[in-house]
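Visitor: There's a structure below that I have some questions on.
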Amino acid sequence: MGGFEKSCPFFILFLDTVIYNVIYKVRYNILTFSGGIQPMAIRQIVQYEDSEGSKALAKASVKFDFNSDVYLDYILEDLWDSLDAHETGVGLAGVQIDIAYRIFVMKGEKRRREFINPVILKKSTTIVKDNEGCLSRPGVEKIRGRCDSVLLQWQNCKGKTCRKVFRGLEARIIQHEMDHLNGKDCLYG
Ligand SMILES: [Zn+2]
């Protein structure tokens with residue numbers, strides 16, 4: 001009995017990993033850039049300074065298919081949990097937590113927003129310069145020129161197509177995250 005009690009935590013850990021693999025990766029078939037699995041809601045942010053990370057960040061993300069069996073709620077939950085773990089973060093793209101779909105989340109000025117398959121339909125000609133940072137490059141800030149406003153089309157978590165004009169900081173966050181989805185360096189690209 002004593003021996004069983006000692007080995008029990010390891011068994012539970014093993015079982016946990018098996019359950020995670022079946023539910024999270026296999027059943028919901030989430031496409032990752034690395035093919036790896038991170039069994040946590042708060043996921044490690046992919047870093048530019050890491051050679052594998054910079055390769056993943058240079059890849060364009062693929063369109064999310066609402067008819068697939070991929071469980072979108074899990075992806076969004078991980079994006080929010082991972083973003084909320086960083087006080088300074090205002091936006092996070094799927095690629096930054098190794099998820100290969102065109103999805104990002106944003107802490108907007110009035111509300112939190114989720115964008116699936118976003119496309120910028122129009123940009124203003126007015127360019128505004130401001131400091132920008134990135135959770136994939138902590139401690140680095142760079143002055144970047146961004147369009148003052150964008151007309152964005154996207155799908156919400158139910159798959160409904162939405163359109164809205166975003167201005168100022170929100171427009172800046174959107175352009176930064178779109179760079180990530182297109183595999184472009186958000187600060188130096
Ligand atoms: Zn970034």
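The values are calculated or read from the model by the stated rules, or taken from the named source; none is laboratory data. Nothing here was measured: the structure is a model prediction, and the numbers come from that model. Heads up, the Cβs are rebuilt from the backbone with ideal geometry, glycines too, and the neighbour counts pull from every protein chain shown.
Visitor: Identify the residue in segment 104-114 that is among the charged types (D, E, K, R) and surrounded by 12 or more Cβ atoms within 10 Å (Cβ to Cβ) and, among all such residues, is modelled with the lowest pLDDT. First the steps, then the outcome.
Guide: Initial filter on segment 104-114 (among the charged types (D, E, K, R)): 107, 109-114.
Checking which are surrounded by 12 or more Cβ atoms within 10 Å (Cβ to Cβ) leaves us with 107, 109, 113-114.
On the way: K107: 97, E109: 89, R113: 98, E114: 98.
Only one residue fits best here, namely E109.
Visitor: Can you tell me which residue among N117, N156, N131 is buried (at least 16 other Cβ atoms within 10 Å of the Cβ) and not basic (K, R)?
Guide: On the way: N156 fails: buried (at least 16 other Cβ atoms within 10 Å of the Cβ); N131 fails: buried (at least 16 other Cβ atoms within 10 Å of the Cβ).
The match here is N117.
Visitor: When you scan segment 109-131, do you find a residue that is closer than 25 Å to D50 by Cβ, of a type in the set (A, V, I, L, M) and in contact (Cβ under 8 Å) with a residue 12 or more places away in the chain, even just one?
Guide: Looking only at segment 109-131, we keep the residues that are closer than 25 Å to D50 by Cβ, and these are 131.
Then keep just the ones that are of a type in the set (A, V, I, L, M); that gives none.
No, the conditions are met nowhere in segment 109-131.
Visitor: Another one. For segment 144-187, which residues satisfy the criterion of being within 16 Å of the ligand (Cβ to nearest atom), of a type outside the set (V, I, T), in a helix (DSSP H, G or I) and touching a residue at least 12 places away in the same chain (Cβ under 8 Å)?
Guide: Matches in segment 144-187: L169, E170, A171, R172, Q175, H176, E177, M178, H180, L181.
Visitor: Anything in segment 120-163 that is within 22 Å of E77 (Cα to Cα) and aliphatic (A, V, I, L, M)? List them, or say none.
Guide: L135
Visitor: Does segment 57-92 hold any residues that are of a type in the set (V, I, T), assigned to a loop (DSSP other than H, G, I, E, B) and surrounded by 12 or more Cβ atoms within 10 Å (Cβ to Cβ), and which are they? Give the derivation first.
Guide: Within segment 57-92, the first condition is being of a type in the set (V, I, T), and the residues that meet it are 62, 70, 75, 88, 90.
Subsequent filtering for residues that are assigned to a loop (DSSP other than H, G, I, E, B) retains 70, 88, 90.
Result: V70, V90.
Visitor: Right, another one. If the requirement is being within 22 Å of S51 (Cβ to Cβ) and in contact with a Phe, Trp or Tyr (Cβ under 7 Å, 6 or more places away or on another chain), which of these qualifies: L135, L92?
Guide: Residue meeting the stated conditions: L92.
Visitor: Sticking with this one: If you check every pair at least six apart or on different chains, which have Cβ atoms under 8 Å apart with a residue in segment 86-105 that is farther than 9 Å from L181 by Cβ first and a residue that is near the ligand (Cβ under 10 Å from one of its atoms) and aromatic (F, W, Y) second?
Guide: Correct list of pairs: G91/F104; L92/F104.
Visitor: So in segment 93-143, with the set limited to residues that are assigned to a helix (DSSP H, G or I) and touching a helix residue (DSSP H, G or I) at 6+ places or on another chain (Cβ under 6 Å), which one is farthest from Y188 (Cα to Cα)?
Guide: Of the residues in segment 93-143, the ones assigned to a helix (DSSP H, G or I) are 94-97.
Checking which are touching a helix residue (DSSP H, G or I) at 6+ places or on another chain (Cβ under 6 Å) leaves us with 95, 97.
Values: V95: 17, I97: 20 Å.
Ranking the candidates gives I97 first.
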